[in-house]
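I am attaching a structure below and will ask some questions about it afterwards.
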Amino acid sequence: MTAPTLPLADRHALVTGGSRGIGLAIARALLDQGARVTITGRDADALARARDTLAPSGDTRIAPCDITDGPGAAGAFARIVDAAGPVDILVNNAGQAASAPALRTDDALWDRMLEVNLTGTFRWTRLALPGMVESKWGRVVNVASTAGLRGYPYVAAYCAAKHGVVGLTRALALELATRGVTVNAVCPGYTETDLVADTIAGIVRKTGRSEAEARAELTRFNPQGRLVAPEEVAQAVAWLCLPDSAAITGQAISVSGGETQ
């Protein structure tokens, strides 16, 4: 009896920021669906550790690069394609969050939040789209945030960038609706990642609260009273990449325990 073919067999997925947290979970979920996966990140050692972790799940490659390196982006993307073939699935997961009151948000912080979270997403999408359009099949999934759907205090630059990601998603989805390419966003609430651990540490440092109190400050946003698991976000991303999800495009799907509706 022939084993069933996995739905993403023969598809190449590129996951930016794939060495840890949500990105690592997404890479594993796509491997489980049969895709071969390339993960990017700035830390070559962290990427190598992630590759070792993912290797039992399937064909995994790494590509150290910085998504904010505009001049180097085309070269990095070309090397990825040369190594593993055209990119059928792009998951723009790399991101960064920094907090400051609006009146103390200087141009450098503002520019960094937009460059990492919004411009990097657009830059890598622009690189991947020609191949997807040519093959008449593609999936772009942008990992945004509930900060792209609502506001939070003290993260104006981050919220602006993530709102931009959602707007970009909706615009591209309409442009590509007849070209076989879908573009969607997944918007996690506070998720159990290193990024949120850093946020909790920042609350402790700035306010003198205990770690438990700081964690409670974040979980109160989730009606389920908890942090989201990276694997929950990853499953939403993987679903959007499946062939049977072709009618889903231009959506910003909240994975937040009901925080946004």
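The values are calculated or read from the model by the stated rules, or taken from the named source; none is laboratory data. Keep in mind that this is a model prediction, so the values were computed, not measured. So basically every Cβ, Gly included, is an ideal-geometry build from the backbone, and we count neighbours across all protein chains shown. Keep in mind that these areas ignore ligands, DNA and RNA; they rest on the heavy atoms of the full protein, side chains included. Shrake-Rupley method; radii C 1.70, N 1.55, O 1.52, S 1.80 Å.
Sort Leu174, Leu54, Leu103 from largest to smallest accessible area, using a 1.4 Å probe on the heavy atoms of the protein chains.
Leu103, Leu174, Leu54
Of the accessible area of region 2-78, with the probe set at 1.4 angstrom, what percent is carbon plus sulfur?
Using a 1.4 Å probe with all protein chains present, region 2-78 comes out at 48 percent carbon and sulfur.
Can you pull the percent of region 112-235's accessible area that's carbon plus sulfur, 1.4 Å probe, other chains left in place?
55
May I have the convex hull volume per residue, in Å³, for the Cα set of region 81-212?
Working: hull volume 16.1 nm³, N = 132.
In region 81-212, the Cα hull volume divided by residue count equals 122 Å³.
Follow-up question, since we're still on this one. Can you give the local net charge around Gly250? Use residues other than it whose beta-carbon is closer than 14 angstrom to its beta-carbon, Lys and Arg +1, Asp and Glu -1.
Combined, the nearby Lys, Arg, Asp and Glu give +2.
Using the Karplus curve 6.51 cos²θ - 1.76 cosθ + 1.60 with θ = phi - 60°, work out ³J(HN,Hα) for each residue of region 216-233 in order, rounded to whole Hz, and write x for Gly and Pro.
Couplings: 4, 4, 7, 5, 5, 6, 8, x, 7, x, 8, 7, 6, 8, x, 5, 5, 5 Hz.
Turning to a different aspect of this structure: Counting pairs of alpha carbon atoms under 8 Å apart in space and at least six apart in sequence, what relative contact order in percent does the chain give?
19
Amide H to amide H, which residues 5 or more places from Leu90 or on other chains are under 5 Å from it, using H placed in the peptide plane?
Hits under the 5 Å cutoff: Leu14, Arg139, Val140, Val141.
Let me ask something additional. Which parts of region 178-198 would a label at Glu211 reach, counting a residue when its backbone N lies under 13 Å from a point 7 Å out along Cα-to-Cβ?
Residues 197-198 qualify, since their backbone N sits under 13 Å from the label point.
Given a 10 angstrom Cα cut-off, can you work out which residue in Ala55, Ala173, Ala13 is the most mobile in a GNM of the chain?
Of the options given, Ala55 has the highest mean-square fluctuation.
I'd like the Karplus ³J(HN,Hα) series for region 37-42: coefficients 6.51, -1.76, 1.60, θ = phi - 60°, whole numbers in Hz, and an x wherever there's a Gly or Pro.
Once rounded to whole Hz, the list reads 10, 10, 10, 10, x, 7.
I would also like to ask the following. What is the gain in length, in nm to one decimal, between Val133 and Glu175 on full extension, counting 0.36 nm per residue of separation less the C-alpha to C-alpha distance? Write out the running numbers ahead of the final one.
On the way: separation 42, 0.36 × 42 = 15.12 nm, distance 1.11 nm.
14.0 nm is the gain from fully extending Val133 to Glu175.
Ok, one more. Between region 96-119 and region 148-169, what is the C-alpha centre distance in whole Å?
Measuring centre to centre over Cα atoms gives 11 Å.
How many Å² of accessible area per residue for the chain, probe 1.4 Å?
With the other protein chains kept in place, the chain gives 47 Å² per residue.
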